[in-house]
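**Student:** After the structure tokens below, expect a handful of questions from me.
Any read-out appearing in this document is the output of simple, stated calculations on the displayed coordinates, not a laboratory observation. All values reported here derive from a predicted model rather than from experimental measurement. With ideal geometry, Cβ positions are generated from the backbone for all residues, glycine too; neighbour counts draw on all protein chains shown.
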Amino acid sequence: MVKEKIFPDNFLWGVATSAFQLEGSPYADWASWDALLDTKPDVTNHYALYKEDLNLLKDLGVNAYRFSLEWSRIQPREHAWDDSAIAHYQEVVDILVKNNIEPIVTLHHFTHPIWFIKKYPWHEAASIEKFLLFIERIVSTLKGIRHWITFNEPYVLILGGYFEGCTPPGIKDVSLGVKALKNILTSHGKAYDIIHSHIPDAKVSVAHNMAALAPWRIWNPLDSLLSRIAKHFYNHSLIDAFLTGTLHIKFPFKKAIEIVVPIKDKLDFFGVNYYTRIHMRFNPFKKMGVELRHRDIDGYGLTDMGWEIHPHGLEKVLRYASKLEVPLIITENGIATHDSEKKIKFMKRHVDVLERCIKDGIDVRGYFYWSLIDNYEWLQGLDARFGLYRVDFDTLKRRPTNAAAYYSYLIKSRDF
Ligand code: FCB
């Protein structure tokens with residue numbers, strides 16, 4: 001019997017990384033944020049070992065690789081550019097292209113040069129111009145890249161940096177956060193035009209973190225209300241703003257706001273990062289009355305980070321994102337676990353859901369497992385083992401887990 005072909009031709013099967021999580025950088029805001037990084041400043045030393053790591057991509061048999069440029073290495077001081085850092089990333093791109101591996105480049109993946117975050121944090125309008133200078137420099141210099149992601153998870157950046165204050169710039173002020181979000185999205189809109197002016201056939205997007213969101217107690221109207229508001233804000237408002245040019249934000253127990261953002265149709269595909277389901281519970285002692293929880297409902301367990309494994313949520317978020325009528329790419333999906341068998345089941349279950357979605361007509365063109373090798377996880381450090389390859393952080397040796405072999409098999413068995 002001939003197997004029915006479901007995944008489209010040229011489907012991108014890849015893995016995703018981000019520069020700072022593998023390479024560190026002495027010039028980045030995060031470097032001084034986490035004391036752990038004093039002892040592990042270059043994390044996996046990927047900046048030096050990149051050739052070895054790019055060989056792992058060949059071993060896996062992927063045809064795409066998502067990685068980011070560390071802005072703080074390229075522009076360590078406001079008026080000093082380091083061309084050798086750009087040359088380094090050009091070499092990475094060249095190696096990929098030579099090996100028929102499509103590069104997908106993220107321009108901003110959470111970290112900033114220290115000078116930028118000190119002088120021009122995102123809630124200042126001048127941040128836009130400074131970021132665009134970086135974009136201009138990159139797209140006029142780096143050759144061989146068609147797929148660009150301007151921002152990784154803009155909402156996560158804002159919630160961490162301006163709401164919880166647990167990531168740089170460490171502010172807890174919702175109205176500054178809203179200003180910052182506006183400036184970030186404005187930067188995306190302008191970056192979209194700059195990229196296209198240099199590379200007319202470029203494919204540009206953001207990578208949006210989407211989660212399945214549900215009430216903790218289904219019988220409780222306040223839990224239901226919070227989960228609806230959260231879904232609207234966290235998952236949907238950005239997608240709707242790409243369709244309308246207006247960001248509509250509802251807050252629990254407060255007046256909604258509307259902000260005009262110049263991003264209508266500034267999208268050639270849409271990147272979705274999907275990991276988990278989160279339950280919302282009303283708790284008057286928490287900020288805005290919201291408490292977030294994970295629990296194992298499907299019986300697939302929790303990850304080492306306590307996140308619920310909920311493959312079905314992938315279908316929900318893809319369905320909503322398909323409203324955009326641009327191709328979708330799953331730019332991240334992965335699990336922190338020391339247990340390879342659990343990692344394998346996680347991948348299989350999510351790719352099965354993906355296969356069903358494609359069969360149902362949702363236009364998905366790529367899947368990127370997070371991550372190639374173990375790396376620094378923002379709030380957890382080195383113990384969150386997302387890698388297909390295990391890294392020994394003392395010797396920096398990379399060793400394949402069984403999940404690496406499984407991913408290679410999975411790629412081959414799904415029409416690659
Ligand atoms: C995502 C981030 C990525 C990584 C994974 C686990 O939200 O984009 O950098 O930390 O979570």
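**Student:** In whole angstrom, note down how far apart the Cα centers of region 295-338 and region 220-284 are.
**Tutor:** Result: 17 Å between the Cα centres.
**Student:** Hey, another quick one. Please give the contour-minus-distance gain from TYR320 to SER413: 0.36 nm per residue of separation, less the Cα-Cα distance, rounded to one decimal in nm.
**Tutor:** This chain segment gains 30.7 nm when fully extended.
**Student:** Mind checking the full-extension length gain between HIS79 and LEU382? Use 0.36 nm per residue of separation minus the Cα-Cα distance, one decimal, nm.
**Tutor:** 105.7 nm
**Student:** What do you get for GluC sites (Glu not before Pro) in region 335-416 restricted to DSSP loop and a cutoff of at most 11 other Cβ within 10 Å of the site's Cβ?
**Tutor:** When the GluC sites (Glu not before Pro) of region 335-416 are filtered for loop state and at most 11 Cβ neighbours within 10 Å, nothing remains.
**Student:** While we're on this one: Mind checking the full-extension length gain between ALA35 and VAL260? Use 0.36 nm per residue of separation minus the Cα-Cα distance, one decimal, nm.
**Tutor:** 77.1 nm
**Student:** Okay, next question. Relative to 2.2 N^0.38 Å, what does the C-alpha radius of gyration of region 250-397 come to as a ratio? Two decimals please.
**Tutor:** 1.21
**Student:** Let me ask another. Could you tell me what percent of the DSSP beta bridges with both partners in the chain are antiparallel, to the nearest 5?
**Tutor:** Around 30 percent of the beta bridges assigned by DSSP in the chain are antiparallel ones.
**Student:** Further question on the same structure: For the chain, what are Rg and Dmax over the alpha carbons, in angstrom?
**Tutor:** Rg then Dmax for the chain, in Å: 20.3, 64.
**Student:** Here's another thing I want to ask about it. Using the Cα centre of the chain as the reference point, and only Cβ charges (+1 on K/R, -1 on D/E), how large is the resulting charge dipole? Debye, rounded to the nearest 20.
**Tutor:** Here the chain has a charge dipole of around 1040 debye.
**Student:** Let me ask something else. Quick check on my link table: of LYS58/LYS397; LYS287/LYS323; LYS182/LYS359; LYS143/LYS203; LYS287/LYS345, which ones sit more than 26 Å apart, alpha carbon to alpha carbon?
**Tutor:** Over 26 Å apart, Cα to Cα: LYS287/LYS323; LYS182/LYS359; LYS287/LYS345.
**Student:** If you bin every alpha carbon distance in region 224-281 into 10 Å steps from zero, what whole percent lands in each bin?
**Tutor:** Computed distribution, short to long bins: 21, 46, 29, 4.
**Student:** In addition: Quick one: net charge around ASP34, please, counting Lys, Arg +1 and Asp, Glu -1 for every other residue with C-beta under 12 Å from its C-beta.
**Tutor:** -2
**Student:** Also: Compute for region 324-416: radius of gyration divided by Kirkwood radius, i.e. Rg/Rh, restricted to C-alpha atoms, rounded to two decimals.
**Tutor:** In region 324-416, Rg relative to Rh is 1.02.
**Student:** Which residues in region 212-247 have a backbone N closer than 15 Å to a point placed 7 Å from the Cα of PHE285 along the Cα-to-Cβ line?
**Tutor:** Answer for region 212-247: none.
**Student:** Between ARG295 and LEU243, what FRET efficiency follows from the Cβ-Cβ distance if R0 is 25 Å, with the result rounded to 0.05?
**Tutor:** 0.15
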